[in-house]
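The values are calculated or read from the model by the stated rules, or taken from the named source; none is laboratory data. Note that this is a predicted model, so its numbers are computed, not measured. FYI the Cβ positions are ideal-geometry reconstructions off the backbone, even for glycines, and counts take in every protein chain you see. In case anyone asks, the SASA skips ligands and DNA or RNA and just uses the protein heavy atoms, side chains included. Shrake-Rupley method; radii C 1.70, N 1.55, O 1.52, S 1.80 Å.
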Amino acid sequence: MLTTRQPIFRKHWHAVMPLAHLAEGPQPFTLLGENIVLFLDERGEPAALKDRCCHRTARLSKGRCVDGRLECGYHGWTYDRGGRVVKIPQYADDKPIPADYCTPAYSCTARYGYAWVALDEPIADIPEVPEFGARGWRTIFQFHEVWHTSPMRALENSFDNSHFSFVHRATFGVAEQPRPSKYELVENASGFYAETVIPAANPERYQRISGVTDPVTTRHMRNAYFMPFSRRLDIEYPSGIRHIIINCFTPIDDGRIQLCQWLFRNDTEDDCPAQMLIDFDAEITREDKDILESTDPDAVIDTRRRGVEYSMESDRPGMLIRKKLMEHLARHGEREIHRGNADQSAVIPIQAVA
């Protein structure tokens, strides 16, 4: 699937960047192939516009913020969060600015320490993360980085128990146990819930993370998929420590995503330092990144396309993600667009949807 060719994904919220980055001034980003610019308005709230001045097309991200407005770095034309030009320095103070002097604005909001953007009117809310700011939980902002892969590849890998003994052989994978544990899957309106227990290597350097000293421990994994490109992984160790990861796989274009990762823990800094947890998860995600960037980002979504990719029983969560995405496309009058049919429209007549 070529993610940027599916219009429905423009109607979902995507995590774009930490709010702290916007304190440094306007920031460019590419979302679903669209060049946008983010900045903080006069209330300190994030705003997003097309990264293009309507005067002579300079990138607005080359400008600066002045009193919560975005000033173009070329001629100083200034925009409000709605994309309207509110100041032209070359005009007399009493000269009106035509109403059509504007650049497209996008839905933008702050949630969980990030700026989120929807390119079209959003049709669903941002998934709830009850641990954020809750008593007894600490929030660790782990990753905000570009991967050369697609959301589908990152998602299916997140639910794939069969790669642990191979990709993660140097970290938590148990090499002599390559047969994956089985997930119990429950579908719901927003995606599905998947639960399993896996063995996990627990060398001495990881024991403050797990809270146990056994050389091999277990991870009780409660994994959840949220449409279209997010997941929650709640890992519970026998010690009672919970290691909850939230991922948003934000589509930049058809070959790149941005991995956004939050970590929530029910222990303290004295129990296990945040930097140790960041380093631990970084080592694991590097292993995933290396193998995922070797895959074809144009992942098959429509399983009726035979002979392109083959599956096995443990791929069931990934196949369910495909089913959910295909149903979502069909519900909105779309079909999967991939390299083989990219010269055709993604949108099909509603009456033709099975």
### Task
Residues being under 30 Å from Met319 (Cβ atoms) and either open to solvent by 50 Å² or more (accessible area, probe 1.4 Å) or not small (Gly, Ala, Ser) (or both): count how many of those fall in the stretch 1-29.
15
### Summary
Exactly one of Glu187, Glu204, Glu176 is farther than 30 Å from Ala274 by Cα, out of contact with any Lys or Arg (no Cβ under 9 Å at 6 or more places or on another chain) and not small (Gly, Ala, Ser), and that one is Glu176
### Query
Could you say which residue among Lys289, Lys324 is part of a helix (DSSP H, G or I) and more than 17 Å from Ile246 (Cα to Cα)?
Lys324
### Query
List the pairs whose first member sits in the stretch 198-213 and is on the phi > 0 side of the Ramachandran plot, whose second member is surrounded by fewer than 17 Cβ atoms within 10 Å (Cβ to Cβ), and whose Cβ atoms are under 9 Å apart, counting only residues at least 6 apart or on separate chains?
Gly211/Pro238; Gly211/Ser239; Gly211/Gly240; Gly211/Asp271
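Go over the candidates Tyr101, Tyr106 one by one and state the one that is aromatic (Phe, Trp, Tyr), at pLDDT 95 or above and farther than 21 Å from Leu22 by Cβ. Break it down stepwise before answering.
Numbers: Tyr106 fails: farther than 21 Å from Leu22 by Cβ.
Of Tyr101, Tyr106, the one residue that is aromatic (Phe, Trp, Tyr), at pLDDT 95 or above and farther than 21 Å from Leu22 by Cβ is Tyr101.
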## Note on the structure
For the stretch 246-297 the number of residues that are open to solvent by less than 30 Å² (accessible area, probe 1.4 Å) and either more than 20 Å from the chain's Cα centre (by Cα) or aliphatic (A, V, I, L, M) (or both) is 14
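Check Glu187, Glu204 and return the single one that is among the charged types (D, E, K, R), open to solvent by 60 Å² or more (accessible area, probe 1.4 Å) and under 30 Å from Asp125 (Cβ atoms). Please lay out each step first, then the result.
Values: Glu204 fails: under 30 Å from Asp125 (Cβ atoms).
Among Glu187, Glu204, only Glu187 is among the charged types (D, E, K, R), open to solvent by 60 Å² or more (accessible area, probe 1.4 Å) and under 30 Å from Asp125 (Cβ atoms).
Test Met326 against the stated conditions and say whether it is in contact (Cβ under 8 Å) with a residue 24 or more places away in the chain, among the aliphatic types (A, V, I, L, M), closer than 19 Å to Phe192 by Cβ and surrounded by fewer than 20 Cβ atoms within 10 Å (Cβ to Cβ).
Working: in contact (Cβ under 8 Å) with a residue 24 or more places away in the chain: yes; among the aliphatic types (A, V, I, L, M): yes; closer than 19 Å to Phe192 by Cβ: yes; surrounded by fewer than 20 Cβ atoms within 10 Å (Cβ to Cβ): yes.
Taking the combined requirement at face value, the residue satisfies it.
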### Query
Of everything in the stretch 147-187 that's under 17 Å from Arg219 (Cα atoms) and basic (Lys, Arg), which residue is farthest from the chain's Cα centre (by Cα)?
Arg179
